[in-house]
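Accompanying notes for the structure given below.
The values are calculated or read from the model by the stated rules, or taken from the named source; none is laboratory data. Since the structure is predicted, the reported quantities are computational estimates derived from the model, not experimental observations. Counting neighbours? That spans all protein chains shown, and the Cβs are built from the backbone with ideal geometry, glycine included. Only protein heavy atoms, including side chains, enter the accessible area calculation; ligands, DNA and RNA are left aside. Shrake-Rupley method; radii C 1.70, N 1.55, O 1.52, S 1.80 Å.
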Amino acid sequence: MGVNAYLDPVQREILERAKVGVAGLGGLGSNVLSHLVRAGIRRFAAADFDVVSASNLNRQFFFADQIGMKKTEALAENLRRITPGLELDFRDLRLTAENIPELFSDCDVVVEAFDRAEAKTMLVAAMAKTGIPVVAASGLAGFGRSDGIRLRKVNSRIYIAGDLVSGISPDLAPASPRVGIAAAMEANTVVALLLDEEI
Amino acid sequence: MPKVILNGEETKFAEGETLGAFLRSRKPREKNLIVDWNGRILTEHDPLDEFTLSDGDRIDLFSMVGGG
């Protein structure tokens, strides 16, 4: 049973068959994946070219003894400690407008979990051309203002979690609580889309 | 004067104005915008100066800022 204990058989089957793409394995992506694995999803495609660094540990789902590991390897290890046997197509590469459609072509929904604003825009535009639903995040730095983080519906296939204004800056750092709200909102939207629940 | 619905609010534009010119004049400091123009998803990498606005067009802007 494990993570499926609270699901009815129909929901369980939908989530076990689904495949979710995650673009970036930082503060958003690592926490989105943790939520989605606990929600009962087992199949993922994801990409990140980075290694775990000490400064990641203020918000990302990695551990101190993983510093220096590739994020793809470290996160696969951590997620399989929640649910062994996950199907993880994790690629150690930089995503581009060219390789995004190929990596995520068989995904039911894709999560934008990048750090840089330019990359976020690129991913949303690339996915919009495919018709595969995308859930993005924008505006999650700093502390407080929890209610400012909302889910914006662009159309029935594009959603954006965040306040759309709180970008990272020297005065506004990304931190676990607020990044976590946005990550949980992204994950919650993915599950609702898959289960055809109210967004 | 013709109007577009910009993020839900009626906004005047000049006859023949392009989407690119409209965004530069109303949102001069905005970068990394997701632009929904009558349901079409565009960014600054699309040829926005080739798209001429029409009365009643709907434009919704979503600003992508860094952090994750």
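Just one of the numbered conditions (1) open to solvent by less than 10 Å² (accessible area, probe 1.4 Å); (2) under 21 Å from B:S63 (Cα atoms) is not true of A:F104: (2). Restricted to the stretch A:155-176, and to residues there that are over 18 Å from B:V35 (Cβ atoms) and among the charged types (D, E, K, R), the residue that is most open to solvent (accessible area, probe 1.4 Å) is A:D171. One residue stands out among those in the stretch A:134-154 that are within 23 Å of B:G8 (Cβ to Cβ), open to solvent by less than 30 Å² (accessible area, probe 1.4 Å) and of a type outside the set (G, A, S): the one that is nearest to the other protein chains (Cβ to nearest Cβ), which is A:V154.
For the stretch A:11-19, the condition holds for no residue, the condition being that it is under 9 Å from the mean Cα position of the chain (by Cα) and open to solvent by less than 10 Å² (accessible area, probe 1.4 Å).
Applying the set (1) open to solvent by 10 Å² or more (accessible area, probe 1.4 Å); (2) part of a helix (DSSP H, G or I); (3) within 30 Å of A:G142 (Cα to Cα); (4) touching a helix residue (DSSP H, G or I) at 6+ places or on another chain (Cβ under 9 Å) to A:L95 leaves exactly one unmet item: (2). Annotation: of all residues in the stretch B:11-68 being closer than 18 Å to A:V165 by Cβ and more than 13 Å from every other protein chain (Cβ to nearest Cβ), the one that is surrounded by the most Cβ atoms within 10 Å (Cβ to Cβ) is B:L23. The numbered conditions (1) surrounded by fewer than 18 Cβ atoms within 10 Å (Cβ to Cβ); (2) outside any strand (DSSP E or B); (3) more than 10 Å from chain B (Cβ to nearest Cβ) are all true for A:E118 except (3). A search for C-beta distances below 6 Å between a residue of the stretch A:105-129 that is in contact (Cβ under 8 Å) with a residue 60 or more places away in the chain and any residue that is open to solvent by 10 Å² or more (accessible area, probe 1.4 Å) and part of a helix (DSSP H, G or I), counting only pairs 6+ apart in sequence or on different chains, returns A:V109/A:L193.
One residue stands out among those in the stretch A:22-47 that are in a helix (DSSP H, G or I) and under 18 Å from A:P133 (Cα atoms): the one that is farthest from the other protein chains (Cβ to nearest Cβ), which is A:L36.
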